[in-house]
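Taking it in order: structure first as C-alpha cells, then the write-up.
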Amino acid sequence: MIDPTRQEMFTAERGAGAYLNNRRIRVSTVKRLEDSLVATGFPSRRRHENINVHFYYQLAMLTHGVRRAGAAAFR
C-alpha cells in the first residue's frame, strides 16, 4: 500500500516480513493486551452486520484503545 500524503510505502510477503519504505517493521513485544493499543481496518459500512464489530468491542474493553486508520481515505 502506498500513502502519497505521507510518502510511505508498506509492503509484505508471507515468510519474508513486512516493510515501511524498505525498512523492516515488526510487531510489538508487549505481552499483555491490557498494556497494548490495537489497530484494525474492518469496513465501516454495514459494520453492524460484520462479526468483527463484536471483537472490536471486546478489544476496546481489554486494551488502552482500538484505532481504525488506513486506506479508507484513498477509496
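Some notes on this structure:
- Any chance A12 is open to solvent by less than 90 Å² (accessible area, probe 1.4 Å) and either modelled with pLDDT of 90 or more or in a loop (DSSP other than H, G, I, E, B) (or both): yes
- Segment 21-34 residues that are open to solvent by less than 100 Å² (accessible area, probe 1.4 Å), paired with ones that are part of a loop (DSSP other than H, G, I, E, B) (beta carbon under 9 Å, 6 or more apart): N21/Q7; S28/S36; S28/L37; V30/S36; V30/L37; L33/T63; E34/T63; E34/H64
- Output for segment 18-39, where each listed residue is in a loop (DSSP other than H, G, I, E, B), under 23 Å from T5 (Cα atoms) and charged (D, E, K, R): R26
- If the condition is being among the hydroxyl-bearing types (S, T, Y) and modelled with pLDDT under 75, then segment 20-66 contributes T40, S44.
- Cβ-Cβ under 7 Å pairs, at least 6 apart or on other chains, segment 54-66 side surrounded by 13 or more Cβ atoms within 10 Å (Cβ to Cβ), far side acidic (D, E) and assigned to a helix (DSSP H, G or I): L62/E34; T63/E34
The values are calculated or read from the model by the stated rules, or taken from the named source; none is laboratory data. Source: prediction; values computed, not measured. Using ideal geometry, Cβ is built from the backbone for each residue, glycine included, and neighbour counts are taken over all protein chains shown. The area values use the complete protein model at the heavy-atom level, side chains included, leaving out ligands, DNA and RNA. Shrake-Rupley method; radii C 1.70, N 1.55, O 1.52, S 1.80 Å.
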